[in-house]
Amino acid sequence: MLRDETHVEVDEIWHKRKFVVYFTGRKTKLILNYHVGYRDYRDVIKFLQGAGEIRYSDRVTFVLDAYVNYLNLLRLR
């Protein structure tokens, strides 16, 4: 799956203070990872910990909004 991707989009949906954050492959449109929780630093860390291969790939460009927690944590990879 991931070997076919060059761009991975990070996005979220929310309902009543709960967020579903997910990685979607731009080419395949597959959901590569997701996490249900709150939009805070702890839950973003949990989301990225489950992203293993995606997060550490040197071939993938992340496409995301300017949410500071995503930016900070993706820089730490």
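The values are calculated or read from the model by the stated rules, or taken from the named source; none is laboratory data. Model, not experiment: these values are computed from the prediction. Backbone-built Cβ (ideal geometry, glycine too); neighbour counts: all protein chains shown.
Residues of region 1-43 that are modelled with pLDDT of 80 or more and among the hydrophobic types (A, V, I, L, M, F, W, C): Val8, Val10, Ile13, Trp14, Phe19, Val20, Val21, Phe23, Leu30, Ile31, Leu32, Val36. Select from region 26-48 the residues that are surrounded by 17 or more Cβ atoms within 10 Å (Cβ to Cβ) and assigned to a helix (DSSP H, G or I) and write down the one among them that is farthest from the chain's Cα centre (by Cα). This residue is Asp43.
Restricting attention to region 2-25, the residues that are in contact (Cβ under 8 Å) with a residue 24 or more places away in the chain, in a strand (DSSP E or B) and not small (Gly, Ala, Ser) add up to 10.
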